[in-house]
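Have a look at the structure below, then the notes.
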């Protein structure tokens, strides 16, 4: 009787492990194109941010007084706010209807 119980438990363990293995292997096929798209999108966003920061840097370097410096910061903040609002309207990553990147533990 004990052998039957041990055999049943071993069989359930093997089946559950194989089910997880099958389930775990499927998302890799789906995430490959997703990963490439996410990577391209992220690089594009980085380029936009870097360009904006370079423009702010040039503005700050050209500033001759405190008021011009404040104007540079205000302009940059307004651009970033506009970009953020645009992302929210389009449902960007993490927003309503947006693609949420996978969480890794």
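The values are calculated or read from the model by the stated rules, or taken from the named source; none is laboratory data. Small disclaimer: the values here were computed from a predicted structure and weren't measured. Counting neighbours? That spans all protein chains shown, and the Cβs are built from the backbone with ideal geometry, glycine included.
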Among all residue pairs at least 6 apart or on different chains, which show Cβ distances below 8 Å where the first residue, located in the stretch 39-53, is under 17 Å from residue 81 (Cα atoms) and the second is surrounded by 11 or more Cβ atoms within 10 Å (Cβ to Cβ)?
-> 48/83; 52/76; 52/79; 52/80; 52/83; 53/76
Please state which one of 82, 30 is exposed (fewer than 12 other Cβ atoms within 10 Å of the Cβ), in a helix (DSSP H, G or I) and modelled with pLDDT under 85.
-> 30
